[in-house]
Amino acid sequence: MDSLLTELRKRKIAYDMVNENFSFFFNITELSISEVREKAERLRKHYSTDLDLSFSNECVHFRSYLLTLPKEQLPKSIIDMCVTLKNEGFEDIYPYVNIALRMYLCCPVSNCSSERSFSALKRIKNYLRSRMTDERLNSIAILNIESDITKGLDYDDIINEFSSLKARKKNM
């Protein structure tokens, strides 16, 4: 139980840090230029390999662009900001803002799906199947993880195709 609580605390800290770093995008039009620069610089330092030195300037210019929009057209979420950049063709004008927004959108909300995948892998690779090759284990794990897709497969067609390929009958 202690290890579970420790892991949950670590995750909460990590998610809080991600949220804190990207949160200025949620109210970028309400922040002053100096606040936008400061928060953008903090985000750039955290992701220095992905975001260029010009990122804070881009954020200030992006803020200025958003302020020119009518109130009803202001993006209400991060995904709306990405859509606005794409629809207006501003991905090339604000490339690092676009990268930062997409990075935030790609952050998983939870780790549950990846944990379920490893749980499935643990069930598949039990002591009875310890001699299974990696390729076969990987294939079976994918089938198990993507079970919603595999449930929709028509197995009769697959069996018929397989049996026709592996037919060992001799022609008389």
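The values are calculated or read from the model by the stated rules, or taken from the named source; none is laboratory data. Small disclaimer: the values here were computed from a predicted structure and weren't measured. Note that we place each Cβ from the backbone using ideal geometry, even for glycine, and neighbour counts take in every protein chain shown. With ligands, DNA and RNA removed, areas are computed over all heavy atoms of the protein, side chains included. Shrake-Rupley method; radii C 1.70, N 1.55, O 1.52, S 1.80 Å.
Give the cross-link partners of Lys12 among the aspartates and glutamates, using a straight C-alpha distance below 13 Å as the criterion and excluding same-chain residues fewer than 8 apart.
Counting by Cα, and skipping residues close in sequence, Lys12 has these aspartates and glutamates nearby: Glu20.
What are the trypsin sites (Lys or Arg not before Pro) within segment 1-64 that DSSP puts in a loop, where the Cβ has at most 13 other Cβ atoms within 10 Å? If you can, show how the numbers build up before the last one.
Numbers: sites: Arg9, Lys10, Arg11, Lys12, Arg37, Lys39, Arg42, Arg44, Lys45, Arg63; in loops: none.
Here no loop site has a sparse enough neighbourhood.
Once the Cα gyration tensor of segment 1-98 is found, what semi-axes does its equivalent ellipsoid get, as square roots of 5 times the eigenvalues, in whole Å, sorted largest first? Present the calculation step by step, with values, prior to reporting the outcome.
Numbers: eigenvalues 165, 49, 33 Å².
The three semi-axes for segment 1-98 are 29, 16, 13 Å.
Using only the Cα atoms of segment 28-81, each taken as one equal point scatterer with no solvent, compute I(q) by the Debye sum, divide by I(0), and report log10 of the ratio at q = 0.15, 0.23, 0.24 Å⁻¹.
Log10 of I(q)/I(0), two decimals: -0.44, -0.91, -0.96.
Give the span of segment 1-46's Cα atoms along each principal axis, as three whole-Å numbers ordered largest to smallest.
46, 20, 10
How many percent of the accessible area of segment 3-76 is carbon or sulfur, using a 1.4 Å probe?
Details: 2620 of 4790 Å².
With neighbouring chains kept in place, the figure for segment 3-76 is 55 percent.
Towards the positive end of the charge dipole of segment 1-115, with charges on Cβ (+1 Lys, Arg; -1 Asp, Glu), say which of Tyr65, Leu8, Ser34 has the farthest Cα.
The Cα lying farthest towards the positive end belongs to Leu8.
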